[in-house]
Every structure is written in structure tokens, then in C-alpha cells.
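J.: Submitted below is the structure of interest, expressed as C-alpha cells.
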Amino acid sequence: MADKQEILSRHPRSEDRLLAILHDLQEASPDNSLTRDDLALVADHLELPLSRVHDAVTFYSMFSLRPRGRHLIRVCDSPHCHLEGAWSVMQELKRQLGIGEGETTEDGLFTLELSSCLGVCGVAPVMMVDEEMVGNLTPDRLRQVIDRYREGQ
Amino acid sequence: MRRLDVLVCSGTACVSSGSTEVKESLAQALADSDLRSEVRILETGCMGPCELGPVMMIYPEGTFYVKVSPDDVQEIVEEHFLKGRPVRRLLWEGVAPALKEVPFFARQHKLVLANCGIINPERIEEYIARGGYEALARAVSEMSPEQVISEVSASGLRGRGGAGFPAGKKWELMRNANGSPKYIVCNADEGDPGAFMDRAVLEGDPHAVIEGMAVAAYAVGAQRGFVYVRAEYPLAISRLEEAVGQARRMGLLGDSILETDFSFDIELRMGAGAFVCGEETALIASIEGKRGEPRPRPPFPTESGLWGCPTMINNVETLACVRHVVVGGADKFASVGTETSKGTKVFALAGQIRNTGLVEVPMGISLRELVMEVGGGVPEGRNLKAVQIGGPSGGCLPEKLLDVPVDYESLGEHGAIMGSGGVIVLDDTACMVNVAKFFLEFTADESCGKCVPCRVGTSTMLDILSRIVAGQGTEADVPRLKELAESIKMGSLCGLGQTAPNPVLSTLRYFPEEYEAHIADRACPAGVCPDLVHYLVLVDQCRACDRCRQVCPTGAAQGAPGTPPYHIEDELCIRCGACVEACPFDAIIVKPGRKG
């Protein structure tokens, strides 16, 4: 809780800080998500109705009210990646992780999502693991990256 | 004594293909060979040809190495740095030692990307050494705000975000707007799939954007600016944050800039994954911390924007042009381009093309030059079918229209748009119905839901297209699609809805026969749509090598090793294409139409 207060205190009590606060709270959470309590805290901090905070959280696709894995794998699903085989990448990831899109592995390590264009089309197909961009994906490369994250980088 | 500079591209694309490892092994190799005082490693922003990454450039002679791996580093050091012999196998197509001789670079005209791949974006000194902040200095010390605006107007610069509104006109509206304070916003919510020029500029030359904003702020009388960046661009965000800090420390942002009474500062705001926030009124709502939903215009943001105050929104690329207008003068800027489209435009080339990546060309260049010369054309053995330009709001132009000049008006006339500059080249393996469906999936998904025609209409169109590609289309579908397209265009508040039907309309206009084949013949001519093709083993070519059976994930490829021919069990086949790729004898083909 102390951490959350610290995060809040970094931001002025101004409505336009809402998204930034939500990003920070979500990033600091162990399961890449926001809780109802978080929303209430933020509403309190910014003196906004809870419904306003909820409204924003549910509008933006990067915020989640469902617990997610420690690492977010976001496979780019834009046309170029699509043409270069994003679908197969997704199938391969599902196979390697044993989960479907939007699901989290049992050990709580990974959540698999699709993303809009990540803007690195030259190395399609691409995925982003947390903030790391990984391009030119092949089944082998997927395995290496996933192993690396499994071993704690 | 230093004799060589090695510029290692550290744009996102090169980093993702391993440039950091290359840089580290290079540093190690230089230390091992005792060359650290002679060869300097510099990290730069995007150099352009992302597919060939990691790339590096070696100065002074300008040797350009592509697809460098850590294993190549030792050879580069020994052969090139010690013996002065470039490593030929790492050169672009193994030939050109100097960049000027590569058509990809020779045909380009770099203004916006002039510093990308040349300077270290994390050092303001390098930006200044290349003439950076001269425009700001000149504007605040020698020019009145009105003079700056008239220069921008005279240059003919138009908004690079898509719509092409004249920048000078917008600045003038803003200057004359009543109300205070005034805000300026840099729209870096680059969401168009396939477009990544804004990311490259922010990562490779962030100060150009900051300077453009500062000049704009001076001209229109704003003291506070925001950069709204999408959260998918962490590297761009960190480079920009760093750059803003440096500019503040040097007195180029903050109070009394360059010891004048002009004060201006910039804050960053991060999006959270909503495409519609690239639309200016939605963007404003998002900066204010609200749902990013568009609202009707007028009032335009220059009258009532952030917190009801006059707000001017310019795109990244537009702002990066500003310094060239101020320093080089309007005439020089306007000497490039066409009558109505001045200057250069950055395009992101992607798809079935030899040179993918980021290129900057004069406006008015033909699509053919852009794709065939700069882009190197489609890979050998393929045929160009169409060029998709302008992203999900754009259209597909067929091969026969390749001579259309790339400017705002010409593209619009033919059902495409300049958009943000994404270009996807499609060859004969692309199904146009599927391409249209793909883009519509995107817009249907990203529709914020406020306007019913956009929310319901795009989904309905998508349902129809899904039926068509599944082989359940009817003759009534095409007229229905056209009718829906018109309603969505007319009944939507913002650009997302107004342009969402474009990919469908342009493919209907130029490739009606493909829709016809899907609907009437239940066949996908390009062999893409799984429900409208079947896999066939060519009896004469099959050698019963068993490869197909080994790779088939569903057991559809069947046969006994050594006893040709094999066959594909249609009921089991999921059309993944693994067998086609695995067959060493090209004995498996995808045939349009259903089996039997």
C-alpha cells in the first residue's frame, strides 16, 4: 500500500495525470493489472468519481482489471505482420505456452495478447515482451525468448 | 588518433534484430585489438532499411554493412579496420561500397530524416552541430511571430498526419484565436498499421520535433506544449524525455528561452492503446484524462481544445519540417514537390518488396518510382498486384495505376489517401477481399463506438466480408457493402469512420473480379482464403519423400515413404501451408476453389 501511495504522490492532483497514474500503478502491480481498490485510490487522489476512473480504465485496451501474467507477450497483428505470418506465430506461442489468446499460463508468468501495430514492420512478424521488441520471429526464436524470460532473463 | 567512426543503428527494428549484441561484441573486439582510440562506436537512430538490420555505417568513407551478426565483428575489425578492406559479403547486395550508389538511398531526398541514422539522438550537442536549434534562435531573435507564420504559409507545408491541412493556415488561425492560455500539441499517436515514421523521428532525432514545437509555440503565442505518444513506443518515449531534459538544461526550453522573453515548456503524455486517440478531438480528451472519444467539429481545437482553450495540434513529421522552412527559407522548401504538395514525404515501405523500411522522397514522385526504384520492386519471380497506401483509411491501387504521382490530390482522386505514409506492396499471392477484410477488422475493432453508423456499420460490413471469404457470399452482398460504406462515411463524426470503408471501396473498384470469384465461383483466385481453396499433390512430381507427412500438424498429408503419390485428406487439412513449404519438389499446390 505504501508503494501505491508513493506512486500517487509522484503525480500532481490533476485530472490529466489519470492515464499516467494508471500506467504506473499497473506497472508496479505483480500481476500487470489494476484492482478495484487501485481505482478507488486514484479516484480519491484526483477527487474524481469512481465511475470516471472506471470509464477511462475500460476504454483503453492497455489497462486490465483482470490479473495477468508477470510478463505480457503482445503479438503484433497489423497487416504487415499478418502477411508475414503473425497467425503462425500466435499458433506457435499458444502451443509453446499452452494457453489461448488473452489467457495466462498456470505459473502466472505469461499472458498472451494481440496488439495493434508495433511500428517495426521491417522485421515482421514482431512481438513485444513487456518493453522488449522482438522481431523476425521463428519458432526457434520464440522458444529462446520464452526460455530467457522463464529463467528470469 | 581517431580515424574511423562506426555508426550502429539503434532504432527499434535493429535492436530487435540484435544490434545491441553487435555493438557489445564490437566494443570488445576493439578493446582486444587495441583500437579503441582509433575507432569510435556511435549509436544512432533509424537508418531506413529495417529488414536488413542490424545495419551499420562506417565513416569517413561511408561503407554500409547489413545483417551484421556478432560473429561478423571479428572479421570487420581485422579486415576492414586493420587492413582497410571492406568485408564484401556484408555490403548491400554485395556490391556498393558507398551509399550514394545504392538506389534505395540515391533516390531519396532527406529533410525530416536528415539526422536519423547520422547523429546520436541522445546527445543534443550532435543535433546542434548539424544546425540544430538554429531555426529557434533565428525565429525568436530575428523574426516576429507573424513573419514565422508567413514563412510557413509560403512554404506550402501541409499536415503530414493524413488530412494535409495547410500548416501555415492552422498556425494563423491559432495566432488569431481568442482565449488564453494557448496550448500546442504534437500528435505522436502513430497508430496506422504499417506506418512508423514518427517513431523513427522521435527515436532518431527527437530534438527536431522539440525545436519544431518551440518555433510553433513562439509563432502562435503558446507557453505550454504536450507530446502525446502512444505507449507502444517505449524507446521513443525515453529518448524524447531525455531530449526534453537536455533542451531545458541548455535554456532551449523553459523560461526566457535564449535570453528573450519567450517561455515555453513541453510535457509528455502517454496513450494507452486506443487507435482513435490519433484523431485530434479524441486526443484532446485523452490528454485531459478522459475516454478518447471524438466530438463534433466545429468548434475546432484552435478555437476550443484542451480545457476549452485554443489548442493547435501538429503531427511529428510536420513539426520536424519546420526547422527546414525557417532556416532554409520557404522558397527552398517549396522548390521540392508539386504545385499543391510541397516538400518531401516519409513513407514506410512494407510488404512484398525488396527494400522495406523508411524512405523520404520528394512529393510528386510516381508510385512506380517509389515502389520499383527506391523499394527495389517485388522479389524475383513475383508479380506486383496492388499497392495499399494510407493504412486502414487508405485504398489499394492496382498495378496499372502505378504512374499516379504521390501527392495529396492525385491519390485522393483514385480512392487512396496519402494518410500517414504507410505503403504495403501486395503481389499475386495476396487476396484483395481478404486484405479489405483485414483492414476492416482493424477499424471495426478500433471504432470507439460513439457514432452508430461506424460502430454497427463496420461490424456489419465485416460480417458480410467474413461470409464472402468463407464461401457463403450472395449476389446481394456487393451492393449492400457499397450502400453501407456510403452511410458510414456520411454518418461518422471523425476521420476513422469517414475513411473506414475505403479499403473495401477501392478493392471493389479495382478488383471486382475477385469478389465475383469468391461469391459466384466459391473460389479464392490468390489461393489465400482457407474455405475457398484446396491442397493438391501433383501426382507426377511427388517422390514420396515423406516430408509433407512429417510437417503436417493434423495428419492430413498421407502416404507411405517410397510409394508415390501422397495425398492430402481435405477434411483434415487446415490450410496452414506447411506441406507446400516443406516439399522439395514443388509437388503440392494450392488450388482455388473447393475440392471436387
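Bear in mind that the values in this text are calculations on the coordinates, not laboratory data. Model, not experiment: these values are computed from the prediction. Neighbour counts are summed over all protein chains in view; Cβ atoms, including those assigned to glycine, are modelled from backbone coordinates with ideal geometry.
J.: Please give the average number of partner chain Cβ atoms lying within 10 Å of the Cβ of each residue in B:227-234, rounded to a whole number. Present the calculation step by step, with values, prior to reporting the outcome.
T.: Values: counts 0, 0, 0, 5, 5, 12, 4, 5.
Whole-number average of other-chain Cβ neighbours for B:227-234 is 4.
J.: Additional query: Apply the Debye scattering formula to region B:432-520, with a single equal point scatterer on each alpha-carbon and no solvent, then give log10 I(q)/I(0) at q = 0.13 Å⁻¹.
T.: -0.35
J.: Kirkwood Rh over Cα pairs of region B:93-212 into Stokes-Einstein at 20 °C, 1.002 mPa s: D in µm²/s?
T.: Details: Rh = 16.9 Å.
Roughly 127 µm²/s, to the nearest whole number.
J.: Something else now. Alpha carbons only, please: Rg and Dmax for chain A, in angstrom.
T.: When restricted to the Cα atoms of chain A, Rg and Dmax are 17.1, 50 Å.
J.: Based on alpha-carbon positions alone, could you give the equivalent ellipsoid semi-axes of chain B from the gyration tensor, as √(5λ), descending, whole Å? Don't skip to the end; give the middle numbers.
T.: Values: eigenvalues 378, 239, 76 Å².
Over the Cα atoms of chain B, the semi-axes work out to 43, 35, 19 Å.
J.: Strictly greater than 21 Å: what percent of every Cα pair in region B:182-296 meets that? Write out the running numbers ahead of the final one.
T.: Details: 2413 of 6555 pairs.
The share of Cα pairs beyond 21 Å in region B:182-296 comes to 37 percent.
J.: Compute the projected area of the convex hull of the Cα atoms of region B:530-592, averaged over all viewing directions, and report it in nm² to one decimal place. The partial results should precede the final answer.
T.: Values: hull surface 14.4 nm².
Value for region B:530-592: 3.6 nm².
J.: Ranking A:Ser9, B:Ser506 by Cβ neighbours within 10 Å, fewest first, what do you get?
T.: Numbers: A:Ser9 10, B:Ser506 25.
Ranked by crowding around the Cβ, least crowded first: A:Ser9, B:Ser506.
J.: Using the eigenvalues of the Cα gyration tensor, what equivalent ellipsoid semi-axes result for region A:2-59 when each is taken as the square root of five times the eigenvalue, whole Å, largest first?
T.: Details: eigenvalues 46, 37, 19 Å².
Rounded to whole Å, the semi-axes are 15, 14, 10.
J.: To the nearest 10 degrees, how steeply does helix A:50-59 sit against the main Cα axis of chain A, on a 0 to 90 scale?
T.: Helix A:50-59 sits roughly 20 degrees off the main axis of chain A.
J.: Please compute one quarter of the surface area of the Cα convex hull for region B:443-596 and express it in square nanometres. Before the final figure, lay out the partial values.
T.: Numbers: hull surface 42.3 nm².
Result: a mean projected hull area of 10.6 nm².
J.: Between B:Arg89 and A:Arg141, what is the spin-label point distance in nm, taking each point 7 Å from the Cα along the Cα→C-beta axis?
T.: Going by the 7 Å Cα→Cβ label model, 2.1 nm.
J.: May I pose another question? Would you calculate the volume per residue, in Å³, of the smallest convex hull containing every Cα atom of region B:244-381?
T.: Residue-normalised Cα hull volume stands at 194 Å³.
J.: Among DSSP bridges having both ends in chain B, what percentage is antiparallel? Round to the nearest 5. Numbers along the way, then the final one.
T.: Details: 35 of 62 bridges.
Here the share of antiparallel DSSP bridges comes out near 55 percent.
J.: Separate question: Given the DSSP H assignment, sum -39500 (n - 2.57) over each helix run of at least 4 residues in the protein assembly as shown and divide by its residue total; what's the result at 222 nm in deg cm²/dmol, nearest 500? Please list the in-between numbers first.
T.: On the way: 29 runs with 279 residues, N = 749.
Taking each H run of at least 4 residues, the total per residue is -11000 deg cm²/dmol.
J.: I'd like the mean, over residues of B:284-296, of how many other protein chain beta carbons sit within 10 Å of each residue's own Cβ.
T.: Numbers: counts 0, 2, 6, 2, 5, 14, 8, 7, 4, 1, 0, 0, 0.
Average neighbour count from other chains, rounded to a whole number: 4.
J.: Can you work out ³J(HN,Hα) from phi for every residue in region B:517-526, in order, using Karplus 6.51 cos²θ - 1.76 cosθ + 1.60 and θ = phi - 60°, giving whole Hz and x for Gly and Pro?
T.: 4, 5, 7, 7, 9, 6, 9, 9, x, 7
J.: Okay, moving on. Suppose R0 equals 41 Å; then what is the FRET efficiency for A:Glu6 and B:Glu122 from their Cβ-Cβ distance, rounded to the nearest 0.05?
T.: Details: r = 28 Å, r/R0 = 0.69.
It comes to 0.90.
J.: With just the Cα atoms of region B:316-421, tell me how far they stretch along each of the three principal axes, in Å, largest first.
T.: Reported extents, whole Å, longest axis first: 46, 27, 22.
J.: Work the Kirkwood hydrodynamic radius out for region B:10-59: mean of 1/r over every pair of different alpha-carbon atoms, inverted, in Å.
T.: Working: mean 1/r = 0.0875 Å⁻¹.
Kirkwood hydrodynamic radius for region B:10-59: 11.4 Å.
J.: What is the mean projected area of the alpha carbon convex hull for region B:124-333, to one decimal in square nanometres? Intermediate values should be presented prior to the final figure.
T.: On the way: hull surface 42.1 nm².
One quarter of the hull surface, i.e. the mean projection, equals 10.5 nm².
J.: With 5 Å bins from zero, work out the P(r) of region A:71-150 over every alpha carbon pair and list the percent per bin.
T.: With a bin width of 5 Å, the distribution comes to 3, 18, 32, 28, 15, 4, 1.
J.: Set the Förster distance to 41 Å, then compute FRET efficiency between B:Glu409 and B:Glu242 from the Cβ-Cβ distance, nearest 0.05.
T.: Values: r = 39 Å, r/R0 = 0.96.
It comes out at approximately 0.55.
J.: So how do B:198-204, A:22-28 stack up, highest first, on mean other-Cβ count within 10 Å?
T.: Working: B:198-204: 28.9, A:22-28: 17.6.
In decreasing order of mean packing, B:198-204, A:22-28 become B:198-204, A:22-28.
J.: Under the 0.36 nm per residue contour assumption, what length would be gained going from the current alpha-carbon distance of B:Ser466 and B:Arg480 to full extension?
T.: Numbers: separation 14, 0.36 × 14 = 5.04 nm, distance 1.39 nm.
Gain on extension, B:Ser466 to B:Arg480, equals 3.7 nm.
J.: What whole number of Å gives the distance from the Cα centroid of region B:251-314 to the Cα centroid of region A:28-74?
T.: So the separation of the two Cα centres works out to 24 Å.
J.: Let me ask another. What FRET efficiency, computed as 1/(1 + (r/R0)^6) with R0 = 60 Å and r the Cβ-Cβ distance, is obtained for B:Arg2 and B:Glu146, rounded to the nearest 0.05? Please report the intermediate quantities before stating the final value.
T.: Details: r = 47 Å, r/R0 = 0.78.
My answer for the efficiency is 0.80.
J.: On to the next question. Quick check on packing: order B:380-389, B:214-223 by the mean number of other C-beta atoms within 10 Å, highest mean leading. Write down the numbers at each step before the final one.
T.: On the way: B:380-389: 19.1, B:214-223: 24.5.
Per-residue Cβ counts within 10 Å, averaged per peptide and sorted highest first, yield B:214-223, B:380-389.
J.: Please state, rounded to one decimal and in Å, the Kirkwood hydrodynamic radius that region B:4-99 gives when every pair of distinct Cα atoms enters the mean of 1/r. Before the final figure, lay out each step's value.
T.: Numbers: mean 1/r = 0.0773 Å⁻¹.
Kirkwood hydrodynamic radius for region B:4-99: 12.9 Å.
J.: Separate question: Filter the GluC sites (Glu not before Pro) in region B:311-369 to those in DSSP coil with at most 16 other Cβ atoms within 10 Å of their Cβ, and list the result. Each step should come with its number before you reach the end.
T.: Values: sites: B:Glu317, B:Glu339, B:Glu360, B:Glu369; in loops: B:Glu339.
Sites meeting the loop and neighbour criteria: B:Glu339.
J.: If you wrap a convex hull around the Cα atoms of the protein assembly as shown, how much volume per residue is inside, in Å³? Could you put the intermediate results ahead of the total?
T.: Values: hull volume 130.9 nm³, N = 749.
For the protein assembly as shown, the hull spanned by Cα atoms encloses 175 Å³ per residue.
J.: Taking all pairs of distinct Cα atoms, average 1/r, flip it, and tell me the Kirkwood hydrodynamic radius of region B:408-451 in Å to one decimal place.
T.: Values: mean 1/r = 0.0794 Å⁻¹.
Taking the inverse mean of 1/r over all distinct Cα pairs, region B:408-451 comes out at 12.6 Å.
J.: Here is a further query. Roughly how crowded by other chains is peptide A:54-61, in terms of the mean Cβ count from those chains within 10 Å of each of its Cβ atoms? The partial results should precede the final answer.
T.: Working: counts 0, 2, 7, 2, 1, 13, 9, 6.
For peptide A:54-61, the averaged partner shielding equals 5.
J.: What length, rounded to one decimal in nm, is gained on full extension from B:Asp255 through to B:Lys100, with 0.36 nm per residue of separation minus their alpha-carbon distance? Can you show the working numbers first?
T.: Values: separation 155, 0.36 × 155 = 55.80 nm, distance 4.33 nm.
Answer, rounded to one decimal: 51.5 nm.
J.: Greater than 22 Å separation of Cα atoms is the criterion. Which listed pairs, B:Lys100/B:Lys400; B:Lys83/B:Lys110; B:Lys385/B:Lys595; B:Lys169/B:Lys450; B:Lys100/B:Lys385; B:Lys110/B:Lys342, meet it? Mind dumping the intermediate values first?
T.: Working: B:Lys100/B:Lys400 30 Å; B:Lys83/B:Lys110 33 Å; B:Lys385/B:Lys595 26 Å; B:Lys169/B:Lys450 30 Å; B:Lys100/B:Lys385 30 Å; B:Lys110/B:Lys342 14 Å.
Correct reply: B:Lys100/B:Lys400; B:Lys83/B:Lys110; B:Lys385/B:Lys595; B:Lys169/B:Lys450; B:Lys100/B:Lys385.
J.: Can you tell me the alpha carbon radius of gyration of region B:350-403 divided by the globular rule-of-thumb value 2.2 N^0.38 Å?
T.: It is 1.08.
J.: Quick one: divide the alpha-carbon radius of gyration of region B:124-193 by 2.2 N^0.38 Å and tell me what you get. Don't skip to the end; give the middle numbers.
T.: Values: Rg = 14.6 Å, N = 70, 2.2 N^0.38 = 11.1 Å.
Against the compact-globule rule of thumb, the ratio is 1.32.
J.: Let me ask you something else. Which length gain, in nm to one decimal place, applies between B:Gln74 and B:Ala163 when the Cα-Cα distance is subtracted from 0.36 nm times their residue separation?
T.: Working: separation 89, 0.36 × 89 = 32.04 nm, distance 4.92 nm.
Length difference between fully extended and current span is 27.1 nm.
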